[in-house]
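A.B. asks: The structure's right below; bear with me while I get my questions together.
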């Protein structure tokens with residue numbers, strides 16, 4: 001089977017449901033950003049030790065699930081309330097080991113910490129795109145509100161996870177973090 005299909009040569013593509021849309025469709029922006037984020041997570045995973053491999057692997061699989069949901073794939077429970085709870089648990093466990101934050105942090109300190117911040121900012125972009133998509137879908141009456149809500153909650157927690165993971169890795173590796181100075 002060839003990798004190219006030539007069906008997108010005129011600026012259109014098919015969603016998982018078979019519906020044809022322009023490549024500028026907001027739905028494609030969303031799942032394209034989820035794919036981009038998954039690639040950044042892959043880089044982060046390559047840079048981190050075994051302590052985080054299971055969590056990062058789970059996140060990569062869930063990002064793929066999210067992409068399927070955003071691509072209008074059939075089915076439900078692509079992201080579950082338990083997935084949101086799991087992220088919250090991971091965040092709480094890491095945060096318990098950190099000193100309280102007393103200033104804003106600038107991204108950087110090491111390549112690994114900076115990659116966490118890249119994941120955080122791409123996740124925030126994905127969240128904004130998903131809100132715009134859901135707003136658009138709600139106007140058309142085409143949204144799956146329950147599933148959309150859980151997916152959006154998970155993405156929101158995911159950005160918090162990246163922030164705490166950046167702090168945790170910096171702390172564990174004794175890396176000085178950059179603080180914002182006015």
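A.B. asks: Residue 107 - would you say it is within 23 Å of residue 164 (Cα to Cα) and at pLDDT 95 or above?
C.D. replies: It is false that residue 107 is within 23 Å of residue 164 (Cα to Cα) and at pLDDT 95 or above.
A.B. asks: So which of 97, 74 is modelled with pLDDT of 90 or more and surrounded by fewer than 16 Cβ atoms within 10 Å (Cβ to Cβ)?
C.D. replies: Result: 97 is the single residue among 97, 74 that is modelled with pLDDT of 90 or more and surrounded by fewer than 16 Cβ atoms within 10 Å (Cβ to Cβ).
A.B. asks: Restricting attention to region 13-52, and to residues there that are touching a strand residue (DSSP E or B) at 6+ places or on another chain (Cβ under 9 Å) and more than 24 Å from residue 76 (Cβ to Cβ), which single residue is surrounded by the fewest Cβ atoms within 10 Å (Cβ to Cβ)?
C.D. replies: Restricting to residues being touching a strand residue (DSSP E or B) at 6+ places or on another chain (Cβ under 9 Å) and more than 24 Å from residue 76 (Cβ to Cβ), the top hit is 22.
A.B. asks: Can you tell me which residue within region 128-146, out of those that are more than 16 Å from the chain's Cα centre (by Cα), surrounded by 14 or more Cβ atoms within 10 Å (Cβ to Cβ) and in a helix (DSSP H, G or I), is modelled with the lowest pLDDT?
C.D. replies: The residue in question is 137.
A.B. asks: From the list 122, 113, 150, pick out the single residue that is within 11 Å of the chain's Cα centre (by Cα) and touching a residue at least 60 places away in the same chain (Cβ under 8 Å).
C.D. replies: 122
The values are calculated or read from the model by the stated rules, or taken from the named source; none is laboratory data. Please read all numbers here as calculations on a predicted model, not as lab measurements. Methodologically, a virtual Cβ is constructed for each residue, glycine included, from the backbone with ideal geometry; neighbour enumeration extends over all protein chains shown.
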